[in-house]
Amino acid sequence: MQALTPTATSQDFVSRHAATPHPYMSGAPADPAVAPRPDADERQAAKAKPRALVVDDAPDVTEMLAMLLRYAGYDVVTVFCAPDAYETAISEQFDVVVSDIGMPGMNGYELAERLRGLPDYKAVPLIAVTGFAMYDDRERATHAGFDAFLTKPINPSDLINLVKRLSDG
């Protein structure tokens, strides 16, 4: 039996590869055309997703609405009161806003009116949701600036279809 003779020593291997470190190792300049950083890819994917703001004072409803919108491909931000929703809308841009009507303090009607007063939200679809539909709520919601109105409990496919229809123009 013939013994195998190595053609390169471990030192040769190290010296050959030390000059070209892996792009993910610290200090090595990454060539984005060859190996983009995973966090850059994730940021790019997040930028490509439409954004939704969901506001409801009931955390379980807020999370259910957020889950449905995430399933539909939205990046979702949730808040639990209208003043927080307004502040969030000022600091970030959203492609759709889903808001409860009956909230303590500032209600959904006031939120819609304030959002419509912002230049960036003149054409953003606003969807009102409520658990206590009164006879004049739809008209009042439209007058406040909402584009659509849903009554709780919300049918998931109704919400997704409505958001898609309003977002597609």
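Given the options ALA123, ALA144, name the one that is surrounded by 18 or more Cβ atoms within 10 Å (Cβ to Cβ), of a type in the set (Gly, Ala, Ser) and under 15 Å from VAL98 (Cα atoms). Give the derivation first.
Numbers: ALA123 fails: surrounded by 18 or more Cβ atoms within 10 Å (Cβ to Cβ).
So the residue among ALA123, ALA144 that is surrounded by 18 or more Cβ atoms within 10 Å (Cβ to Cβ), of a type in the set (Gly, Ala, Ser) and under 15 Å from VAL98 (Cα atoms) is ALA144.
Within segment 87-131, count every residue that is within 16 Å of ASP57 (Cβ to Cβ) and out of contact with any strand residue (DSSP E or B) (no Cβ under 9 Å at 6 or more places or on another chain).
Final tally of qualifying residues: 4.
Could you grab the pairs with beta carbons closer than 7 Å, sequence gap of 6+ or different chains, first residue in segment 86-101 and basic (Lys, Arg) and modelled with pLDDT under 95, second one part of a helix (DSSP H, G or I) and buried (at least 22 other Cβ atoms within 10 Å of the Cβ)?
From segment 86-101, no pairs qualify.
Could you list all residues from segment 103-142 that are assigned to a helix (DSSP H, G or I), of a type in the set (Gly, Ala, Ser) and within 16 Å of PHE80 (Cα to Cα)?
Here is the first cut: in segment 103-142, the residues assigned to a helix (DSSP H, G or I) are 108-116, 119-121, 137-142.
Remaining after also requiring of a type in the set (Gly, Ala, Ser): 108, 112, 141.
Correct list: GLY108, ALA112.
Return the only residue of SER91, SER99 being of a type in the set (S, T, N, Q), within 22 Å of the chain's Cα centre (by Cα) and surrounded by fewer than 21 Cβ atoms within 10 Å (Cβ to Cβ). Before the answer, list the steps.
Numbers: SER99 fails: surrounded by fewer than 21 Cβ atoms within 10 Å (Cβ to Cβ).
Every option except SER91 fails the conditions.
The values are calculated or read from the model by the stated rules, or taken from the named source; none is laboratory data. Small disclaimer: the values here were computed from a predicted structure and weren't measured. In this analysis, Cβ positions are derived from the backbone assuming ideal geometry, glycine residues included, and neighbour counts consider all displayed protein chains.
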